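Heads up: the structure comes next, in structure tokens.
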Amino acid sequence: MITLFHHPYSRAANTLWALEEVGCEYKLEYMDFARGAHKTDALLTHNKMGKLPTLIDGEQVITEAAAIALYLADRYAPGRLAPALDDPARGTYLRWSFYAPSVIEPGCMARANKWEYRASAAGFGTYQEMLDTISAAIGSGPWLLGDKFTMADLVFGGTIRYMTMFGMIEKRPEFLAYVERLSARPAALKAREINERITDERALRK
């Protein structure tokens, strides 16, 4: 049984979506942020950062949202959510999966916090270059690999969905249409239902 250390107001909310896409059995271990549960041995034993998501699968401990998503796809949905190792499409799949945490996240954070940096020295380049690259990746869609949805869409698209939700990225029409397609997926809807139920049960709404 897979265990996901979870809080609905963390990146683990997206990992829950990944688990629903894969369709494997799992259980959620709620981490009470208000009580500092994520900084106790319950989590620190597995992840010294004390951060979510952290996933336990047998003897395997996997952290980092993108890594967890790709792990789940490779192990439990190969060929369906992850291109095979010898599939030429795997290069594109990996490219955009890693673009999300390597470029989109720091690029949006830099702009939101008005960081001063030299674009040529930063791996994420300029904000405008990032936006144009995202638009090109989405292309005519509907997914990053054309007609086939993969875990790369969940990682890449999930990041765009978060950034548009909180106004951290320009809301280009192609971004919003892509996010709408992602949000309509049955697994995304199920994950949202679970996250909202936990939010209500734990009285987390402000």
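Computed values, structure above
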item: Sole residue being surrounded by fewer than 20 Cβ atoms within 10 Å (Cβ to Cβ) and under 17 Å from the mean Cα position of the chain (by Cα), chosen from 177, 137; result: 137
item: Which numbered condition residue 102 fails, given (1) surrounded by 14 or more Cβ atoms within 10 Å (Cβ to Cβ); (2) under 16 Å from the mean Cα position of the chain (by Cα); (3) of a type in the set (Ser, Thr, Tyr); result: (1)
item: Residue pairs meeting the criteria (Cβ under 9 Å; at least 6 apart or on separate chains; first touching a residue at least 24 places away in the same chain (Cβ under 8 Å), in the stretch 29-43; second among the aromatic types (Phe, Trp, Tyr) and outside any strand (DSSP E or B)); result: 33/9
item: Long-range neighbours under 8 Å by Cβ, at least six apart or interchain, first residue more than 19 Å from residue 167 (Cβ to Cβ) within the stretch 99-110, second surrounded by fewer than 20 Cβ atoms within 10 Å (Cβ to Cβ) and among the acidic types (Asp, Glu); result: 101/64
item: Among (1) of a type outside the set (Val, Ile, Thr); (2) under 17 Å from residue 74 (Cα atoms); (3) buried (at least 19 other Cβ atoms within 10 Å of the Cβ) - the single one residue 23 does not satisfy; result: (3)
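This table checks each residue for (1) more than 24 Å from residue 153 (Cα to Cα); (2) in contact with a strand residue (DSSP E or B) (Cβ under 8 Å, 6 or more places away or on another chain).
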residue: 89; (1), (2): no, yes
residue: 97; (1), (2): no, no
residue: 107; (1), (2): no, no
residue: 117; (1), (2): yes, no
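Each reported figure results from applying straightforward, stated rules to the coordinates on display, with no laboratory input. Computed from a predicted structure; not experimentally measured. Positions of Cβ are backbone-derived with ideal geometry, glycine not excepted, and every protein chain shown enters the neighbour counts.
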